[in-house]
Amino acid sequence: MSDPSAATSSPRVSAVIVSFNTRELLLGCLDALHAHVRAPFETIVVDNASADGSAEAVRARFPAVRLIPSASNLGFSRANNLALREARGEHVLVLNSDCEVRPGAVEAMSAVLEERPDVAVVGPRTVGADGRPQMSFGPRLTPVAEWWQRRLVRGLKEGRTDALREVASRTAREQEPDWVSASCLLARRRVLEAVGGFDESFFLYEEDVDLCLRVRAAGWRVVYTPAAEVVHHLGRSMEQAPGLAHLEYHRSHLRFYRKHNPLSHRVALRAWMAAGAARAWLRAGSGDGGQRRQEEAAILRLALFG
């Protein structure tokens, strides 16, 4: 199917995708969009200086897609904001390149926005390639809330029955969490513009939690709906630069806590980061673990002085 954006001057939805060295996943993401979205939409892809031929592949296979190639890796927030400034749709679908929408997903999220004028952001149920549900929403980030969330995510990875049952129960019902994941969300473009889009001080991670909190503070609702389903090949995009992703996760964590949390929470986070980095540094040893030691040393410095 050709991109419907080629045939309309006023798309209902602008799909925004940021990609970094994920060519095959990106093509699969675009294939799913064009196969399963029926409403008029346009697609904008920002390529963050990929070296795997992603931009060339998109040009060849999806000529109607608006491609914005960047000369450097702008990070997730800056790249999304770059695309948002080009978007024309009333609604914006923020989508990771390692996600594939299922039939009816975009329409189900659009229906929530159209039927509830006080809702600004909608997130879908995300599942892995094996069909297992993922935790793609949650409460405001605090030490206690994160402990519970990590317990669930760890249990999912380990395949524990209790965790699988709990996540299945949580993701089966519609609710209004503090945030939904920007791996896939649908939002009113005018609201994103009103709150200034993604905070570009977040290079990677936590920018979605920050965005949702600012949207809620502006008087809008954030909704999670299981009526929409998306396959998320979780973590595949981060495999391209695991060291950078690991460091930026912690950097963004500190930034989020500085922005939204009290001093006691910030102190607890720094202590947790420092202890974890020190343990990992000791376990890595020398030789083949030298690179890991450098990464953990950088996180330790960040925890103590960043």
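Residue by residue, here is whether (1) without any contact (Cβ under 8 Å) to a residue 40 or more places away in the chain; (2) closer than 26 Å to residue 272 by Cβ holds:
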site	(1), (2)
158	yes, yes
161	yes, no
165	yes, no
171	no, no
179	no, yes
184	no, no
188	no, no
197	no, no
key: Residue under evaluation residue 199, criteria (1) closer than 28 Å to residue 131 by Cα; (2) in contact with a Leu (Cβ under 8 Å, 6 or more places away or on another chain); (3) part of a loop (DSSP other than H, G, I, E, B), criterion not met   = (1)
task = Go through 78, 38, 61 for me and flag whichever is among the basic types (Lys, Arg), modelled with pLDDT under 95 and out of contact with any strand residue (DSSP E or B) (no Cβ under 8 Å at 6 or more places or on another chain).
result = 38
ask   = For residue 131, which of the numbered conditions (1) surrounded by fewer than 18 Cβ atoms within 10 Å (Cβ to Cβ); (2) closer than 24 Å to residue 267 by Cβ fails to hold?
value = (2)
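Inspect segment 202-218 for any residue being among the small types (Gly, Ala, Ser) and more than 27 Å from residue 248 (Cβ to Cβ) and give the result as yes or no.
Here is the first cut: in segment 202-218, the ones among the small types (Gly, Ala, Ser) are 217-218.
From what's left, more than 27 Å from residue 248 (Cβ to Cβ): none.
Checked against the condition, which is being among the small types (Gly, Ala, Ser) and more than 27 Å from residue 248 (Cβ to Cβ), segment 202-218 yields no hits at all.
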request  = Test residue 227 against the criterion of being at pLDDT 95 or above, among the small types (Gly, Ala, Ser) and touching a Lys or Arg at 6+ places or on another chain (Cβ under 9 Å), and give yes or no.
outcome  = yes
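Could you list, in sequence order, the residues of segment 74-92 that are part of a loop (DSSP other than H, G, I, E, B) and touching a residue at least 24 places away in the same chain (Cβ under 8 Å)? Talk me through it step by step, then tell me what you get.
Going through segment 74-92, the residues part of a loop (DSSP other than H, G, I, E, B) turn out to be 74-75, 85-90.
Residues satisfying the conditions are 74, 75, 86, 87, 88, 89, 90.
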ask   = Are any of the residues in segment 52-73 surrounded by fewer than 23 Cβ atoms within 10 Å (Cβ to Cβ), touching a residue at least 24 places away in the same chain (Cβ under 8 Å), touching a helix residue (DSSP H, G or I) at 6+ places or on another chain (Cβ under 6 Å) and assigned to a helix (DSSP H, G or I)?
value = yes
message = When you scan segment 203-215, do you find a residue that is aromatic (Phe, Trp, Tyr), in contact (Cβ under 8 Å) with a residue 40 or more places away in the chain, out of contact with any Leu (no Cβ under 7 Å at 6 or more places or on another chain) and outside the structural domain of residue 292 (by TED's automatic domain parsing), even just one?
response = yes
note = Exactly one of 105, 182, 172 is in contact with a strand residue (DSSP E or B) (Cβ under 8 Å, 6 or more places away or on another chain), more than 22 Å from residue 215 (Cβ to Cβ) and among the aliphatic types (A, V, I, L, M), and that one is 172
ask   = Taking segment 157-177 on its own, how many of its residues are crowded, with 16+ Cβ neighbours inside 10 Å and within 24 Å of residue 111 (Cα to Cα)?
value = 3
ask   = Here are 26, 95: which of them is part of a helix (DSSP H, G or I) and touching a residue at least 40 places away in the same chain (Cβ under 8 Å)?
value = 26
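The values are calculated or read from the model by the stated rules, or taken from the named source; none is laboratory data. Quick caveat, the model's predicted, so the values are computed rather than measured. Every residue, glycine among them, receives a Cβ derived from its backbone with ideal geometry; neighbour counts consider all protein chains shown.
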